[in-house]
Amino acid sequence: MTLLRATVLTFALALPPALAFAQTGVIAERQAGFRLLRDKMEAIQTIVQMQDPNSEALPHARAIAEHAPKIKTLFPPGSDGPGSRALPAVWSDRAGFERVADAFTQRAEALVAAAQGTDQRALAQAFEATGQACGACHRPYRAPQR
C-alpha cells in the first residue's frame, strides 16, 4: 500500500508541471504558425501590389493552405496560459471558432487556386477574401496586443 501511495503522490506532483509544459508548447506552436501565416500573407500582398506573376504567390499560398486546417487543433482546452492572446470565447464558443477557422481554410484553398492561374485580379480578390477570413477570427477570438 505504501508503494501505491508513493506512486500516486509522484504522479500527482509531476502532473501540473507536465501540463504547464504542454500548454506552453502548444501556445508556442500556434504562435509560430500564425507568424508563418502573417509572413506568407505579407509576401503575397507584395506580389499583388507589384503585379508580379501569380506563380510567385503559389508557394506562399500553399503554405497558408497547408497550415489553415491545423488551426482548430492548436487550441486544446486549457491552452490559454501565459503568452496566449486567445480569448475565452475560443473555448466557450467552440462551434463559432471552428466555423471561422473552416472559412479561413476554404479561403486559403481558393487562394491557392487563384495563384495557380494567371488572372492577377482573381489573385487580388482571393488574397483579400483570405485576409478578411483571417480577421474574422481575430476580432472575436484574439485579445489585442499588449
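The values are calculated or read from the model by the stated rules, or taken from the named source; none is laboratory data. Since we're looking at a predicted model, the values are computed, not measured. Here the Cβ positions follow ideal geometry from the backbone for every residue, glycine too, while neighbour counts run over all protein chains shown. Accessible surface areas use protein heavy atoms only, side chains included; no ligands, DNA or RNA. Shrake-Rupley method; radii C 1.70, N 1.55, O 1.52, S 1.80 Å.
So which residues in region 46-59 are in a loop (DSSP other than H, G, I, E, B) and either open to solvent by 80 Å² or more (accessible area, probe 1.4 Å) or under 15 Å from Glu128 (Cα atoms) (or both)?
Gln51, Ala57
Could we say that Arg62 is open to solvent by 40 Å² or more (accessible area, probe 1.4 Å), part of a helix (DSSP H, G or I), at pLDDT below 95 and among the basic types (Lys, Arg) here?
The answer is no for Arg62.
His138 falls short on exactly one of the conditions (1) modelled with pLDDT of 95 or more; (2) open to solvent by 10 Å² or more (accessible area, probe 1.4 Å); (3) closer than 19 Å to Phe34 by Cα, and that condition is (1). Exactly one residue out of Gln45, Gln116, Gln145, Gln120 is closer than 18 Å to Ala32 by Cβ and in contact (Cβ under 8 Å) with a residue 40 or more places away in the chain: that is Gln145. From the list Thr105, Thr130, pick out the single residue that is assigned to a helix (DSSP H, G or I), of a type in the set (Val, Ile, Thr) and within 20 Å of Arg94 (Cβ to Cβ). That would be Thr105, the only listed residue that is assigned to a helix (DSSP H, G or I), of a type in the set (Val, Ile, Thr) and within 20 Å of Arg94 (Cβ to Cβ).
Tell me yes or no: at least one residue of region 74-96 is more than 23 Å from Gly25 (Cα to Cα), part of a helix (DSSP H, G or I), open to solvent by 20 Å² or more (accessible area, probe 1.4 Å) and free of Cβ contacts under 8 Å to residues at least 24 places away in the same chain. Checked region 74-96: at least one residue is more than 23 Å from Gly25 (Cα to Cα), part of a helix (DSSP H, G or I), open to solvent by 20 Å² or more (accessible area, probe 1.4 Å) and free of Cβ contacts under 8 Å to residues at least 24 places away in the same chain.
Within region 5-28, the presence of a residue that is modelled with pLDDT of 95 or more and open to solvent by 70 Å² or more (accessible area, probe 1.4 Å) is excluded.
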